[in-house]
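Okay, structure first, notes after.
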Amino acid sequence: MSYKLIKSLLWFPLTINQTSLILQRLSCPYLNNSSLKFIASQRRMVGSQSPKPKKSSVYTRTGDKGYSSLYSGEKRPKYDDIFHALGTVDELNSIGNELDKNLVEIQCRLIEIGSSIATPRSTSNENKLSYTSFDEENVSKLEFLIDDLDSKLPSLNNFILPSGGESAVFLHQCRSICRRAERITIPLMEKGITENTIGKYLNRLSDYFFVAARYAAMYEGQTENIYIQRRTDKPSELLTRELKKD
């Protein structure tokens, strides 16, 4: 066993104790207090006491100049409308939770919506367009879920406020974010960048969150707060009065 072996161990990310154990198992004749002190001093010199970790794949540094890449490979500034839509859909997905299997299904569909938005219909190749196409069947499934929940709810005769317990309020919050996602996505649809089915799905999804919020309130035995009009005049009467003034 040569002295070179001890020096070669300096370059491995091992502690002094680990190095000592290896040398003991190899029955190294050079193992003594002096050699261990030498190893300790040399490891400080080469910096192997705290080896540099391998770079994480979480950050890429490719967006440091304010641009991000779409799935199509195209680079656009981070303030582009596409990234506004992507960010809002991601926000909506992040606020969801596993209240039931339907919400998990919806979260999966929101991931697919993000993939579709990140693949502009007008500039991407056919393979990527086909891979990220958002099926109209998703809209039909959501309509079925809405009808199913709504059939179990008491009829709605008044405007209601976001209320009905923690779960219901949470779902009302999802509904309002979904409306914003829809508003941001519509201009992309009009420009032919995004599929129309995405706009339809987001529109139905806000309706789903509304009935889901009411269902959660009913299921948990909570009370929904009703909007109370401040004035007794009906809106139609107010409008007629204003027209007469003009």
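The values are calculated or read from the model by the stated rules, or taken from the named source; none is laboratory data. Model, not experiment: these values are computed from the prediction. Positions of Cβ are generated from backbone atoms using ideal geometry, with glycine treated the same way; all protein chains shown enter the neighbour counts. Calculation scope for accessible area: heavy atoms of the full protein, side chains included, ligands and nucleic acids excluded. Shrake-Rupley method; radii C 1.70, N 1.55, O 1.52, S 1.80 Å.
A few remarks follow.
- Qualifying residues in region 163-188 (those that are within 18 Å of the chain's Cα centre (by Cα) and of a type in the set (D, E, K, R)) - the one farthest from ALA217 (Cα to Cα): GLU182
- Tally, over region 183-218, of residues that are part of a helix (DSSP H, G or I), in contact (Cβ under 8 Å) with a residue 60 or more places away in the chain and polar (S, T, N, Q): 2
- Residue match in region 211-224 (condition: within 21 Å of the chain's Cα centre (by Cα), over 21 Å from ASN158 (Cα atoms) and at pLDDT 90 or above): no
- Some residue of region 152-169 being closer than 19 Å to LYS101 by Cβ and open to solvent by 80 Å² or more (accessible area, probe 1.4 Å): yes
- Among the residues of region 131-172, those identified as among the small types (Gly, Ala, Ser) and either under 13 Å from TYR215 (Cα atoms) or part of a helix (DSSP H, G or I) (or both) are SER140, SER151, SER155, SER163, GLY164, GLY165, SER167, ALA168.
- Residue within region 136-157 that is hydrophobic (A, V, I, L, M, F, W, C) and under 22 Å from GLU190 (Cα atoms) present: yes
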